[in-house]
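Working notes, beginning with the structure itself.
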Amino acid sequence: MTQQHRDAAVAAYRERPQQAGVYAVTCTASGQCWIGGAPDVRTIRNRLWFTLRLGGGGRVTGAGMAALQAAWQQHGEAAFTFTVLETRPEDTPEPDPRRLRQWLTARAADWQAQRGAMGV
C-alpha cells in the first residue's frame, strides 16, 4: 500500500459517521453483564478487547471495569460476547459532545437497571 493510499484510507475512516449507542459485554461462563455507552459502538468492542487482553494496561478504572477485567482473566476471551443494545437514530442531528455524553450515560443507566448489570 502506498503512502497516498494509506492517507486516503485514514481520511475516509476519520470522515465516516459515528454511531453512538449502548452496548453490553456478557460473560457466558458466569452470567455477569456489564453495560456502557460509547460515541461509536462500532469501534468500542475492539478497544475493550484490546484493553482486556493487555490486563488493563493501567487504564482499568471503576468497579465495573475492574470486575470485568477479573472475569476476563478468570474465564478467558472465549467466554465473552458483545451486543449493541441501542443506538442513537442516524437521522438525529449530532448534539454537542456534552449532551451526547449525557444521553449515553442516561441510556446506559436505564439498561443497567433493567438488567441488573454493572457499568463499564
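Taken together, the values in this text are just the output of simple stated rules run on the coordinates, not laboratory data. These numbers were taken from a predicted model, which means no experiment stands behind them. In this analysis, Cβ positions are derived from the backbone assuming ideal geometry, glycine residues included, and neighbour counts consider all displayed protein chains.
Short-range pairs are left out: with C-alpha atoms under 8 Å and at least six residues apart, the relative contact order of the chain is 37 percent.
In the chain, helices alone account for a calculated mean residue ellipticity at 222 nm of -16000 deg cm²/dmol, with every DSSP H run of four or more residues adding -39,500 (n - 2.57). Computed from label points 7 Å out along Cα-Cβ, the spacing between His5 and Glu77 is 2.7 nm. Result for the chain in a Gaussian network model with C-alpha springs under 10 Å: among Arg98, Arg45, Arg53, the largest mean-square fluctuation is at Arg98. With a/c under 1.5 counting as rounded, go ahead and sort the chain into rounded, prolate or oblate using the C-alpha gyration tensor (a ≥ b ≥ c being the square roots of the eigenvalues; past the cut-off, prolate if a/b is larger than b/c, else oblate). The shape class here is oblate. Were the residues from Arg53 through Ala70 laid out at 0.36 nm apart, the gain over their Cα-Cα distance would be 5.0 nm. Annotation for Val84 and Gln102: the two label points, set 7 Å from Cα along the Cα-Cβ direction, are 2.5 nm apart.
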